[in-house]
Structures are given as structure tokens and as C-alpha cells.
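Chemist: What follows is a single structure, and I will ask about it in a moment.
The values are calculated or read from the model by the stated rules, or taken from the named source; none is laboratory data. Just so it is clear, the structure is predicted and the values come from calculations on it, not from any experiment. Ideal geometry is used to build each Cβ from the backbone, glycine not excepted, and the neighbour counts take in all protein chains shown. Quick note on the areas: whole protein, heavy atoms, side chains included, nothing else; ligands and nucleic acids left out. Shrake-Rupley method; radii C 1.70, N 1.55, O 1.52, S 1.80 Å.
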Amino acid sequence: MVDEERWKARFRAARVSLPGWALDAPHRSTYRSNATGTWEIYAWDRTTGERRQVTDRANGTWSGGVDPTGEWVWWFSDTDGDEFGVWQRQPFGGGADEPAVPGLEPSYPSGLAVGSSGLAIVGRTGEHGTTLHLYRPSPLNNTPEILYEHAEDAHVAGMSRDESLIAIGHSEHGDSRHMALRVVRPDGSTVADLWDGPGKGVYGAGFSPVAGDSRLLVNHERRGREELLIWDPVAGTEREIVLDLPGEVGADWYPDASALLISHSHEARDEIYRYDLASGALERIDTPRGVIGGATARPDGSVEFAWTSAAEPPVIRSTSGAVVLTPPGPPPPSSVPVTDVWVDGPAGRIHALVSTPREGTGPFPTVFDVHGGPTAQDTDAFSPAVAAWVDHGFAVVQVNYRGSTGYGSQWRDALEGRVGLTELEDVKAVRDWAVGSGLADPSKMVLTGGSWGGYLTLLGLGTQPEDWTVGVAAVPVADYVAAYEDEMEGLQAFDRSLFGGSPAEVPERYRESSPLTYVDRVSAPVLVLAGENDPRCPIRQIDNYLGRLAELNRPHEVYRYDAGHGSLVVEERITQFAAELQFAMKHLGMR
């Protein structure tokens, strides 16, 4: 008998994110928490221990942080999860909200940088492209200026500590998946450009935190995987940071800029290191095996990090040995560890993570939980949904298909031009292994996922109908042409990079990769979950797909909710997962 309250407790347990802190006032921090049942922004004074809820909105708040002075908390105000809105700010100690940058109309956000003087660079995207605004609070002129604008996708990539340099990530060359960098001064004049050519992106990871230091930390992929360099656009110098580590690396600065805090991702797990810039010494920081969901070096030299594993829920720890921040209430129940498997696929070995029930032996009814992105990966991290499937007797398989990050640039970019079909070849290879190994019952196979995973679910049900018994697709792309027409401009640019053009330019590629093309081949019962205000996978294109299912008299259900690309409300998320679970078990004859 399954303990229904146990799986729900994993969703309901309060959580906190890794705290961010003010450069000028390190004792002042902000973090996210779902302690009230909805994800909101909180302020935390480390000196007094006081914690205060900053935002309180029906559908929650996800984006926010404290400015360098520690005086203001900035947060992004959209409408019902549609990601279209403006930045607001509130005094750190409490008070009324006010527009952070007066005069700007609502838009999709495209980066933000705030300086100690109050200077702010605000990125905005809309149907005409990207605009970056520069705003200096002044009693004489409170009007933001246009610093940069272009029809192609761009974002704010950082601002130097002394506010003399602004980094812009852009895709003026037409490929938003492999961006370039430009550093400009506040008057808009160009200091320097950095681009490694077609198919090789460079991404700003932050200026040095020391005033007068013009060095910018950059992620590059010159050797086929994510690595690091330090670029000084004023001096015109580059220093590549070459590390003897097998996976992909990212980094952040230590507060005095004497070292880098290195994050190393390899085979679905993370490590962190301290890299001394003077000596080149690399020192591993002791962390348990699992996933580091963010890390930050504090002024006292300690490192705070968010840690989790598939078996253990997230915790915010410090290298000092302390637990940094504890959410209220009981912790969520633990789950089972994952097992790594490697399966030979059409283009090389595929890494997958497998979770199985604590009791019993295969073959199990099996859920293939396909991750979103596609530029993301499944990791050894705690998931209430995966744990709930396992509690109900399912094996869960998560596949890092071609298109996933973490396995090099070639693996990540292999889906381009043959979108969706490439990923599903890898999913099928692992599916066939799961059946052949005795893990999975071929008569009880659930294909599910959210966002890009929802897209692959619908596409897989149509292109591989004999392989799947049930499909559950959350906020999916269902009709790719209609999705392109209605989605936010940044995603249109992303799609053009994936497909090699727009639907008008390469219509056959969109047709071949659209779930709607194959809807008449779908035989498995389908549940679709859709957000009415979703700007990423808009509702019209989902309705087109559902309408066609209805015309064909295919078994299907739809769950609609009044939010965007997912929900920040815990009870709503429980309701959604309960619908997914009940639908799958009903159609598998398990209840």
C-alpha cells in the first residue's frame, strides 16, 4: 500500500535556494523559498538573523536579488506566470514596492546588472528584438536611455565593479545558441569584441568584483566542451584556464579576485574547486557525491553551496561545516539512489540514470522521464516527482540524449537540423535496453516530460507508437509552426538556430519535427497539461494538437491551469502530478 502523504510531503516540504548577498553589505542576503506554499523572494539579515518575506503573489515570484549596496531588493513582476513584466524594488528592511526603472513598459526580461551608484542596465525583449536600457537615478532626468538594440537575441552579460564597462551577449551573427560578447562603455562606445566563430559560443560569467579591475570571466568551447578564460577587454589580453578535469567547467570569482571558484560537471554529478590565479594551484573542496546546485565564495574565504542527490533532499551547506540556511518544518522524506547505465546508441554511448522501487524485481512498469531544455541534463538530484513514481512501483529512466549539456559541444549540438528525431533515437535505444535487460515491462511503458520533454513525449508517441503505452506531456510544443508564431522572440531566435531558419525558410524541417505531423499515428492514451499564460509553449498550438486528437477520436485528456510555463504553487504542483500519476495507472490497469 502506497503512503499517499509520503510522496506529497516531498512536494510540500519547505525549501530554500542558495542565498545571494550584497557586495557592499555581505550580511544582507536574499533567497527563494516555498515556505508559504508558493515560491517567493525573502530577505535575510545575517547579523540579526531576521528573515522577511519580500514578495507575496498568487502565482509566486521566481526572479529577484539584492543590489550591491544591500539597500534594495529587486524582483521581476509578471502577470500570472506569463514572464512579461517589469522590475520592481523594495527596501531591504521592508516597505512599499516601486518601479525599479520608471518609464519602461512591460517586456520579457533579458538580463539585469545593478551597480552600487544605482546605475542599472536592463535587458528587454519583444517582437522587434532586444533592447538594453541604461538608467541613472537622477532628480533632473529619470528617463532610461537606450544603450544597445538589435533584431537578434541579446542579453546583459555583466557590469564592472566601477561601472565603467558593460558586457553584452549577442547573436548579431544570427546564431543565438553560440553567442558572441561585446564590451561597451556607458556611452555606448565599443571597447572590444570577442567571438570564436560559427558554432563556438562565448558567454560572460562576471567581471572581477574588484573596482578598477577590467577582467571578465568567460565560458568558451574552443576544444569542444565548456572551459574558461579571463578576458581583459581594455588591455586586449586573454588567459585561458586549462584544467586537467574530464568534464565541463564553469566558475565564479572569489571576492578579492585572487582565485576562481570552479564548478566541474561530469557524468551527472558535480565537484567544486578553488583555483589560485597567481600560482595556478587547483584545490578540490570536499563535498559529498551528488549535485551542486550553485556555490558562492564568501568574504571570509568560506564557500556556501547547495547540495543534493537523488536519495537526499537539497541542503545549503558551508565549507565551515555549518548548515547555512534551514527552511521551517520537517524535511522531505528521502528517496532511492540512482544507478548509472551506459547504452550504445546510434552516435555513441548514451548516459542514463535509473531509479527502481525499494522492493521487488523487474520487469517493472517503467516511466521514461525526458528532461526539458533541450540544453539541460538529468543529474543525480532529488526529484519529488521521480520519487513518487518509484513509491508507486515504477522504475524511472532519465536519458541524457543528444542535445543534452554535460557531454561536450558535439553531443549538445547534434540535434541541430533534425530536431526532436535525433533525441528520440537515443531515448529509443535506452528504451530497448531497458526492455532487453529485464528492467522494464514492454506492456507498461510511460513516456513523459515537461517543456522540451513534453515536446519529445508527443513527438515520440507519433513516431514510435509501438514503443509506448501511455503518454503524459506537460507544457509541450505540439504544433511547431504555431508555437513559433506565438512564442517569445528569444525562443524564436533559438528555434531559428536549431532548425537553420524560420518555418517560412525551412518549412520541411519544421514539418518533420512537429508532433502535429504524426498525430494520426498516436495510439497511446495522452494526457496534456497546459498553462493558459505560457509564453514558451503557448496555448493555441496545444489546442491545435488536442483538436486533431479529438477529430481522430484518440483517447486523451487535458489539464489546464491558470499560470505560465509551470506553477510556483506547491498545492497546484501536487494536483498536477496526481493527475499524471492517476492517468498513467488507470491506463496501465494498475488501479
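Chemist: Place a +1 charge on the Cβ of each Lys and Arg in the chain and a -1 charge on the Cβ of each Asp and Glu, then give the dipole magnitude about the Cα centre in debye, rounded to the nearest 20.
Modeler: Taking the Cα centre of the chain as origin, the dipole is about 1100 debye.
Chemist: So, one more: Need one word for the range 345-483: rounded, prolate or oblate. Basis is the Cα gyration tensor (sqrt eigenvalues a ≥ b ≥ c); a/c below 1.5 gives rounded, then a/b vs b/c decides.
Modeler: Note, shape of the range 345-483 comes out prolate.
Chemist: OK, next. With all pairs of different alpha carbon atoms counted, what Kirkwood hydrodynamic radius in Å does the range 441-481 show?
Modeler: Kirkwood hydrodynamic radius for the range 441-481: 10.0 Å.
Chemist: Here's something else I'd like to know. On the protein heavy atoms, probe 1.4 angstrom, tell me the percent of accessible surface of the range 190-312 carried by carbon and sulfur.
Modeler: For the range 190-312, the apolar C and S fraction of the accessible surface comes to 48 percent.
Chemist: In addition: Hey, rough spin-label estimate for Glu508 and Ala550, points 7 angstrom out along Cα→Cβ, what's it come to in nanometres?
Modeler: 3.4
Chemist: Compute the accessible area per residue over the chain, keeping the other protein chains in place, probe 1.4 Å, unit Å².
Modeler: 38
Chemist: For the chain, what size does the Cα cloud have along each of its three principal axes, sorted from largest down, in whole Å?
Modeler: Taking max minus min along each principal axis of the Cα atoms, the chain gives 67, 54, 49 Å.
Chemist: Want the number for Asp520 to Ala278: 0.36 nm per residue separation, take away the alpha-carbon distance, what's left?
Modeler: 80.8 nm
Chemist: In the range 497-591, what percent of the accessible surface is made up of carbon and sulfur (1.4 Å probe, ligands and nucleic acids excluded)?
Modeler: 46
Chemist: Of the listed peptides 476-489, 37-50, 187-200, 57-70, what is their order by residue-averaged count of other C-beta atoms within 10 Å, with the highest listed first?
Modeler: 476-489, 57-70, 37-50, 187-200
Chemist: For the range 1-76, which whole-number percentage of the solvent-accessible area (1.4 Å probe, protein heavy atoms only) is attributable to carbon and sulfur atoms?
Modeler: 48
Chemist: I've got another one for you. What distance in nm lies between label points placed 7 Å from Cα along the C-beta direction at Gln410 and Thr47?
Modeler: 5.5
Chemist: Mind putting a number on the dipole of the range 321-465 about its Cα centre? Charges go on the C-beta only, +1 for Lys and Arg and -1 for Asp and Glu, and I need it in Debye to the nearest 20.
Modeler: It works out to roughly 80 debye.
Chemist: On to the next question. Considering the zone a paramagnetic label at Arg289 would reach in this model (a point 7 Å from Cα along the Cα-to-Cβ line), which residues of the range 306-330 have amide N under 16 Å from it?
Modeler: Under 16 Å, as judged by backbone N against the label point of Arg289, lie 308-312 of the range 306-330.
Chemist: Determine, from the Cβ-Cβ distance of Arg349 and Asp244 and an R0 of 22 Å, the FRET efficiency 1/(1 + (r/R0)^6), rounded to the nearest 0.05.
Modeler: 0.50
Chemist: Okay, moving on. Among His392, Gly501, Met488, which residue has its Cα furthest toward the positive end of the charge dipole of the range 361-510, with +1 on Lys/Arg Cβ and -1 on Asp/Glu Cβ?
Modeler: Checked the options; the winner is His392.
Chemist: Only Lys, Arg, Asp and Glu count, each charged at its Cβ (+1, +1, -1, -1), so figure out the dipole size of the range 1-108 about its Cα centre, rounded to 20 debye.
Modeler: Dipole of the range 1-108, to the nearest 20 debye: 560 debye.
Chemist: Give me the distance between the Cα centres of the range 372-394 and the range 160-223, rounded to whole Å.
Modeler: If we compute the Cα centre of each part, the gap is 35 Å.
Chemist: Between the range 238-260 and the range 535-584, what is the C-alpha centre distance in whole Å?
Modeler: 42
Chemist: Compare the peptides 273-280, 461-468 by average per-residue count of other Cβ atoms within 10 angstrom and give them in order, highest first.
Modeler: The peptides rank, most packed first, as 461-468, 273-280.
Chemist: Turning to a different aspect of this structure: Mind running the shape call on the range 23-149? Use the C-alpha gyration tensor, a ≥ b ≥ c as the square roots of the eigenvalues: rounded below 1.5 for a/c, prolate if a/b tops b/c, oblate otherwise.
Modeler: Oblate.
Chemist: Moving on. What residues have an amide H closer than 5 Å to that of Gly345, excluding those fewer than 5 places away on the same chain, when H is modeled at 1.01 Å from N in the peptide plane?
Modeler: Counting only residues 5 or more places away or on other chains, the set is Ile350.
Chemist: Roughly what would the spin-label model give for Ala578 and Asp3, points 7 Å off Cα along C-beta, in nm?
Modeler: Reported label-point gap for Ala578 and Asp3 is 1.9 nm.
Chemist: In addition: For the chain, what does -39500 (n - 2.57) per DSSP helix run (n ≥ 4), summed and divided by total residues, give at 222 nm, in deg cm²/dmol to the nearest 500?
Modeler: About -5500 deg cm²/dmol.
Chemist: Could you pull the accessible area for Phe577 with a 1.4 Å probe, rounded to 10 Å²?
Modeler: 0
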